[in-house]
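Single-structure report; data block below.
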Amino acid sequence: MPDRIRSSSSTRPLLLLAVALASSLLGCERLGSEQGSAGAPQAWEYSEAVAPAQASSAMVSTTDRLGTLAGLRIMEDGGNAVDAAVGISFVLAVVNPEAGNIGGGGFMVIRLADGDTYSLDYRERAPAAATRDMYLDDRGAPTLRSLRGHSAAGVPGSVMGLWEAHQRFGTIEWPVLLEPAIELAQGFEVSERLASSLARAQSSLEDFYATREAFLPGGAPPAIGAIFRQPDLAKTLSRVRDNGPGGFYTGVTADLIVDEMRRADGLITHSDLSGYAAIWREPVSFRYRGHTLHSMAPPSSGGATMALIAQIVEGYDLPSFGRHSTQTVHVLAEASRRAYADRNQALADPDFVEVPLDRMTSRDYARARGADISMSAATPSQQVGPAVLVSEGAETTHVSVVDAMGNAVALTTTLNSLYGSRVTVAGAGFLLNNEMDDFATRPGFPNQFGLVQGERNAIEPGKRMLSAMTPTIVEDRDGELFLVLGSPGGSTIITTVFQTIVNVVDFGMDVSQSVRAPRIHHQHLPDRIQYERGGLLPTVVDSLRTLGHTVEERVGTSGDVQAILVLPDGTLSGYSDPRRGGWAAGF
Ligand code: DON
């Protein structure tokens, strides 16, 4: 645990509370080798058994220990899961600047203790001056400008989303929820993850002077254990504390954002900022083997794509095949191939195009869509709908919270790529997203990264770009809260979340096994199954190839799931994915 948290300084009452809380928490515990009991090959990196955190009242899982502690502290003080999720989001904007943010956007799925569900879209929007071909060069070829620099930024949604969620469901006063983040922005001890992530990103961060100043103090990434101070961010968060969304979308912060835009080719104006609204949307809800899943509706593709995958997979008895067997991987890949083909063709911002959501999430459609799956041969993607591909991002983060009343929140937020556009708003201390790259910058054609998306997801002023974020809450067969989860991972988010659910529902894994188990991914095009290194037996890879699949080992791991499972006796069992390293804890 960082020294700062261990500090006994009497000037830090909130942190003292954290010390007391941390010492009473039940965290994860290593149990020795599990010998591949999750059905994974023994070579699998995460096969060592780790007991989940268990608690009777409340649980938080995030990618950062300080984020988890902040959430627990808020709930200890009487806040509910929404209060905790809001406070955690602001803390992650400080301690996890590669993904946690106030300059990006996200989605939140909420299930109250009475079973009512809600979902909030606070995705970024294209600025009013955005145009369909704005990222193409003179010859019509895509450029890097959708990814890097001022023009890559969509109008941020995070502050408005967190405010909206708090307005509707929060119980703790807004300023109190901002305090932990403001305090940490004044200085916190750099974790190993942040130090190594800043070091990896250093060369691209150096390109933008305010980013250099903010994140490379003295010209280099801060060392592990150094105290990292973000005074401009502390001031911005203080304005948000004092003025709510007015502290971001109008006034000093808005002026600083617009000034930053004018330094280069940025498009965001005062009226883009003051016109931003978060939107409550009906969650996408569907059944999977008697469980009810609630997930995110468009402009995220997560819920609809997962609904189609799940309802195709439901036609197969996966346990009779084995979790990491040729047949199970084949079924998951064939279902995903079809669902992603539809995702790319059909889904986009529902406020701009008509989205066939009811059809794509219906059981009848899933049956028809999966009817041509053969168990003896892969279906080439060319025979499955249009040739489209989903964009892969680099850094996002998920937060899962359950409170003592039984309310639950699943929240996924992102800047899109690692450190977003790399542009920091000078004087305001936060990074802007590069979410504009989630639009089809050149519909129907592969861009320079080989990415192709449909016409419906073309850039239009004020439109939200299609997302794959899949914050999800699962109810058991009796309609009780069962599982809260989500993940980063760009286009792999949907398959990651669904396979984690399959591990619990179909294979009875505990929350730790289900998160640690190796994952596979298929997204229609490129026509290949990707697997995590060591995650499939060589014999399974060979037999998948015999079925006609192209099978490739992934570079790096897939996703970073934060999950909370409710056990039959009501115990909360939390687990934070070891792939990127986080912390689940409860009380
Ligand atoms: O909204 C989306 O789908 C992407 N912008 C998410 C990017 C992402 O997950 C990167 N994380 N690893």
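The values are calculated or read from the model by the stated rules, or taken from the named source; none is laboratory data. Being a predicted model, the structure only gives us computed values, none of them experimental. FYI the Cβ positions are ideal-geometry reconstructions off the backbone, even for glycines, and counts take in every protein chain you see.
Some notes on this structure:
- Looking only at the stretch 501-550, and only at residues there that are on the phi > 0 side of the Ramachandran plot and within 25 Å of the chain's Cα centre (by Cα), the one that is surrounded by the most Cβ atoms within 10 Å (Cβ to Cβ): His524
Residue-wise test of (1) over 30 Å from Leu256 (Cβ atoms); (2) within 14 Å of the ligand (Cβ to nearest atom).
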site: Gly454; (1), (2): yes, no
site: Asn457; (1), (2): yes, yes
site: Gly462; (1), (2): no, no
site: Leu466; (1), (2): no, yes
site: Met469; (1), (2): no, yes
site: Gly479; (1), (2): yes, no
site: Leu483; (1), (2): yes, no
site: Gln499; (1), (2): yes, no
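- Applying the set (1) away from the ligand (no atom under 16 Å from the Cβ); (2) touching a Phe, Trp or Tyr at 6+ places or on another chain (Cβ under 9 Å) to Asn503 leaves exactly one unmet item: (2).
- Test: residue in the stretch 159-170 that is touching a residue at least 60 places away in the same chain (Cβ under 8 Å), in a loop (DSSP other than H, G, I, E, B) and on the phi < 0 side of the Ramachandran plot: yes
- A single entry from Gly103, Gly140 fulfils the requirement of being farther than 22 Å from Thr472 by Cα, within 16 Å of the ligand (Cβ to nearest atom), small (Gly, Ala, Ser) and assigned to a loop (DSSP other than H, G, I, E, B): Gly103.
Per-residue answers, yes or no, for (1) away from the ligand (no atom under 16 Å from the Cβ); (2) within 20 Å of His398 (Cβ to Cβ); (3) outside the structural domain of Ile501 (by TED's automatic domain parsing):
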{"position": "Leu273", "(1), (2), (3)": "yes, no, yes"}
{"position": "His294", "(1), (2), (3)": "yes, yes, no"}
{"position": "Gln311", "(1), (2), (3)": "yes, no, no"}
{"position": "Glu314", "(1), (2), (3)": "yes, no, no"}
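- Considering residues of the stretch 485-497 that are outside any helix (DSSP H, G or I) and closer than 17 Å to Val409 by Cα only, the residue farthest from the ligand (Cβ to nearest atom): Leu485
- Residue among Thr379, Thr326, Thr361, Thr397 that is closer than 30 Å to Ala201 by Cα and either modelled with pLDDT under 95 or of a type in the set (S, T, N, Q) (or both): Thr397
- Across the stretch 515-549, the number of residues qualifying as more than 16 Å from Thr492 (Cβ to Cβ), touching a residue at least 24 places away in the same chain (Cβ under 8 Å) and of a type in the set (S, T, N, Q) comes to 1.
- Every pair of residues 6+ apart whose Cβ atoms lie under 6 Å, when the first sits in the stretch 332-360 and is among the β-branched types (Val, Ile, Thr) while the second is in a loop (DSSP other than H, G, I, E, B) and modelled with pLDDT of 95 or more: Val355/Pro298
- Residues being buried (at least 21 other Cβ atoms within 10 Å of the Cβ) and either part of a helix (DSSP H, G or I) or not charged (D, E, K, R) (or both) - total across the stretch 311-354: 25
- Cross-chain or 6+ apart pairs with Cβ under 7 Å, the stretch 245-268 first and within 14 Å of Asp232 (Cβ to Cβ), then of a type in the set (Ser, Thr, Tyr): Gly247/Thr253; Thr253/Thr236
- Among the residues of the stretch 96-109, those identified as touching a Phe, Trp or Tyr at 6+ places or on another chain (Cβ under 6 Å) and more than 24 Å from Val284 (Cα to Cα) are Glu98, Ile102, Gly103.
- Among the residues making up the stretch 282-292, those that are surrounded by fewer than 20 Cβ atoms within 10 Å (Cβ to Cβ) and either within 15 Å of the ligand (Cβ to nearest atom) or assigned to a loop (DSSP other than H, G, I, E, B) (or both) are Glu282, Arg289, Gly290.
- Among the residues of the stretch 316-346, those that are in contact with a helix residue (DSSP H, G or I) (Cβ under 7 Å, 6 or more places away or on another chain) and either within 16 Å of the ligand (Cβ to nearest atom) or more than 20 Å from Tyr531 (Cα to Cα) (or both) comprise Tyr316, Ser336, Ala339, Tyr340, Asp342, Arg343, Ala346.
- Counting the residues of the stretch 533-556 that are farther than 19 Å from Ala339 by Cα, touching a strand residue (DSSP E or B) at 6+ places or on another chain (Cβ under 8 Å) and either outside any strand (DSSP E or B) or not assigned by TED's automatic domain parsing to the domain that holds Val384 (or both) gives 7.
- Near pairs, Cβ below 8 angstrom, 6+ apart or cross-chain, from the stretch 472-500 (at positive phi) to any residue that is part of a loop (DSSP other than H, G, I, E, B) and away from the ligand (no atom under 15 Å from the Cβ): Gly479/Gly115
- Against the conditions (1) out of contact with any Phe, Trp or Tyr (no Cβ under 6 Å at 6 or more places or on another chain); (2) within 15 Å of the ligand (Cβ to nearest atom); (3) outside any strand (DSSP E or B), Gln530 satisfies every one except (3).
- Applying the condition of being in a loop (DSSP other than H, G, I, E, B) and crowded, with 24+ Cβ neighbours inside 10 Å to the stretch 106-126 and asking which residue is nearest to the ligand (Cβ to nearest atom) yields Arg123.
- A single member of Gly559, Gly581 is on the phi > 0 side of the Ramachandran plot, surrounded by fewer than 23 Cβ atoms within 10 Å (Cβ to Cβ) and part of a loop (DSSP other than H, G, I, E, B), and it is Gly581.
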